[in-house]
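The structure follows.
The values are calculated or read from the model by the stated rules, or taken from the named source; none is laboratory data. Remember, predicted model here, so these are calculated numbers, not experimental data. Cβ atoms come from the backbone with ideal geometry, glycine included; neighbour counts cover every protein chain shown. We work out accessible area using only protein heavy atoms, side chains counted, and drop any ligands, DNA or RNA first. Shrake-Rupley method; radii C 1.70, N 1.55, O 1.52, S 1.80 Å.
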Amino acid sequence: MISGATTLTVIVAVNSFCFVAVNICLSKPNSVFVILSLISPTEFIKISDGILNTVDDLEKYKGHLFNWYSILDKQPMYPRYVSSVDSGNFFMALEFCYEELSPNSKRICDKILGECDFDFLVDKNKNLLYTGFNTMTNTRDGGRYDILASESLLTYIFCIGHGKIDVKCA
């Protein structure tokens, strides 16, 4: 089971639940947005520690969280999919709240941010990010994100700012 943060995550992020057979899943960006929505600094540190400790334990692909996990056993759900925009939003949310985290959570953030690899999500011919990658079929989506697309802008800012993709993609 997921750590003590599960109950809060379940209550706050109701709009992002889906039911598949008997598994319940939560999309990754909402985990961090739960952290950002907290008001009390004490609550923020307690909840962010719980969430980030759980995130640290989750299976990842090239440093990226999968889009969906079962909250019952923390296993990735099918299809095992990595979304470039969801990853970018997740990493930017970590950046946004970084200074307010506990030392342990900062260590986890540094590890997560250091391990993420966007190279497999870049179309090097068009210098654009693919919309995502299905790890089950080892295929990229046919679509790509233009830097001007509102939902992808944060991903491009993060990737270029951290040297994860070539500046030519801008």
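Kindly provide the set of residues from the range 65-100 that are assigned to a helix (DSSP H, G or I), more than 10 Å from the chain's Cα centre (by Cα) and of a type in the set (A, V, I, L, M, F, W, C), ordered by number.
Phe96, Cys97
Looking only at the range 71-101, which residues are open to solvent by less than 40 Å² (accessible area, probe 1.4 Å), over 23 Å from Leu153 (Cβ atoms) and modelled with pLDDT of 90 or more?
Passing the criteria: Pro76, Met77, Leu101.
Quick check, is Lys62 surrounded by fewer than 19 Cβ atoms within 10 Å (Cβ to Cβ), touching a strand residue (DSSP E or B) at 6+ places or on another chain (Cβ under 9 Å), on the phi > 0 side of the Ramachandran plot and touching a residue at least 24 places away in the same chain (Cβ under 8 Å)?
yes
When the range 124-170 is examined, which residues are found to be among the basic types (Lys, Arg) and either open to solvent by less than 30 Å² (accessible area, probe 1.4 Å) or in a loop (DSSP other than H, G, I, E, B) (or both)?
Lys124, Lys126, Lys164
Mind checking which residues of the range 101-120 are over 30 Å from Ser40 (Cβ atoms), more than 14 Å from the chain's Cα centre (by Cα) and either outside any helix (DSSP H, G or I) or free of Cβ contacts under 8 Å to residues at least 40 places away in the same chain (or both)?
none
Please work out if Ile24 is assigned to a strand (DSSP E or B) and at pLDDT below 90.
yes
Kindly list the number of the only condition in (1) within 24 Å of Leu52 (Cα to Cα); (2) over 18 Å from the mean Cα position of the chain (by Cα); (3) in contact (Cβ under 8 Å) with a residue 24 or more places away in the chain that fails for Tyr156.
(2)
Let me ask another. Collect the residues in the range 68-98 that are touching a residue at least 60 places away in the same chain (Cβ under 8 Å) and in contact with a strand residue (DSSP E or B) (Cβ under 7 Å, 6 or more places away or on another chain), keeping them in residue-number order.
Ile71, Leu72, Ser84, Val85, Ser87, Phe90 - these are the residues of the range 68-98 that are touching a residue at least 60 places away in the same chain (Cβ under 8 Å) and in contact with a strand residue (DSSP E or B) (Cβ under 7 Å, 6 or more places away or on another chain).
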